[in-house]
Amino acid sequence: MNSPLPAGALAGKTALVTGSSRGIGADTVRYFAAAGANVVINYRSKAPRADKLVAELAEQGTAAIAVGADLTDPESVAAMMDTIRDRFGSLDVLVLNASGGMESNMGEDYALRLNRDAQVNVLEQGTALMGEGGRVVFVTSHQAHFIRTVPTMPEYEAVALSKRAGEDALRERIADLAERGIGFTVVSGDMIEGTITATLLERARPGAIETRKEAAGKLYNVSEFAAEVALAAVEPVPADNTRLVGDVSYFTEYAGE
């Protein structure tokens, strides 16, 4: 896969991508590695998959480690940050990619604990390892980003609301981060073909992905969207701290009605 980042753009820097043993997170890690970064692959329970990615990148000469952590457990996150500090000394890029809430048997408040509370905690602990020039990227969806003005499918509403709550909580910290010289960008995309969320949504509402694809004209695939996430970590921070990926006309037109 061709990296969208210039060769050497992240040479000597260390990047952590949460939820990166597969999907968007894994491809984002691959792009960072191709740009010269040391990479930290975070996973919750799929160690073999994360270790396989580490081995793949090691063959290419990348310094990569896999660190398991339950992001809803502050102590588990602290242990992950200790590992990063011990291995690489500091952190330059933090991509808050992990999310969820459509899983079964995780408890009623799981979406909010993961998509809001955990994101804020990972931000606070991760940026403690950052210096001036550090970058934070929060990954979300148009269905969540615009949920205050545009309703979404009932099956996804709880997740969308929790992710918007997480985005809002993180945005409250933009000024403090800016004072420390740390940039923050929200990357919002339409439904992404091939993600676990899309799979679960399709299972709950058959035809949902195809319907949205027809309306939007195009849906990004995993590697295409991961490229936008990776670019957000190196390109100038937008004035509104927001990078909208893919079609937004439906969301903006609906909100304007």
task = May I ask you to say which residue of Ile84, Ile147 is assigned to a loop (DSSP other than H, G, I, E, B) and β-branched (Val, Ile, Thr)?
result = Ile147
task = Please note which helices (runs of 4 or more DSSP H) are completely contained in the range 168-257 and include at least 2 residues that are modelled with pLDDT under 75.
result = 196-204, 208-216, 249-256
ask   = Residues Gly131, Gly101, Gly126: which one is closer than 17 Å to Ala169 by Cβ, open to solvent by less than 50 Å² (accessible area, probe 1.4 Å) and not in a helix (DSSP H, G or I)?
value = Gly101
ask   = Scanning the range 26-42 for residues that are of a type in the set (Gly, Ala, Ser) and open to solvent by less than 20 Å² (accessible area, probe 1.4 Å), which turns out farthest from Gly126 (Cα to Cα)?
value = Ala35
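Results for (1) out of contact with any strand residue (DSSP E or B) (no Cβ under 9 Å at 6 or more places or on another chain); (2) surrounded by fewer than 16 Cβ atoms within 10 Å (Cβ to Cβ); (3) over 27 Å from Leu219 (Cα atoms), shown as yes or no for each residue.
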residue	(1), (2), (3)
Ser21	no, no, no
Ile24	no, no, no
Arg44	no, no, yes
Glu59	yes, yes, yes
Gly68	no, no, yes
Glu75	yes, yes, yes
Phe88	no, no, yes
Val95	no, no, no
inquiry  = Can you tell me which of (1) among the charged types (D, E, K, R); (2) crowded, with 17+ Cβ neighbours inside 10 Å; (3) over 13 Å from the mean Cα position of the chain (by Cα) is the one Lys218 doesn't meet?
reply    = (2)
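Are any of the residues in the range 11-29 outside any strand (DSSP E or B) and over 19 Å from Leu96 (Cβ atoms)?
Yes, the range 11-29 has at least one match.
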note = If you go through Val67, Val29, Val77, Val39, the only one that is closer than 21 Å to Ile192 by Cα and at pLDDT 95 or above is Val29
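The values are calculated or read from the model by the stated rules, or taken from the named source; none is laboratory data. Source: prediction; values computed, not measured. Note that each Cβ is placed from the backbone with ideal geometry, even for glycine, and that neighbours are counted across all protein chains shown. Keep in mind that these areas ignore ligands, DNA and RNA; they rest on the heavy atoms of the full protein, side chains included. Shrake-Rupley method; radii C 1.70, N 1.55, O 1.52, S 1.80 Å.
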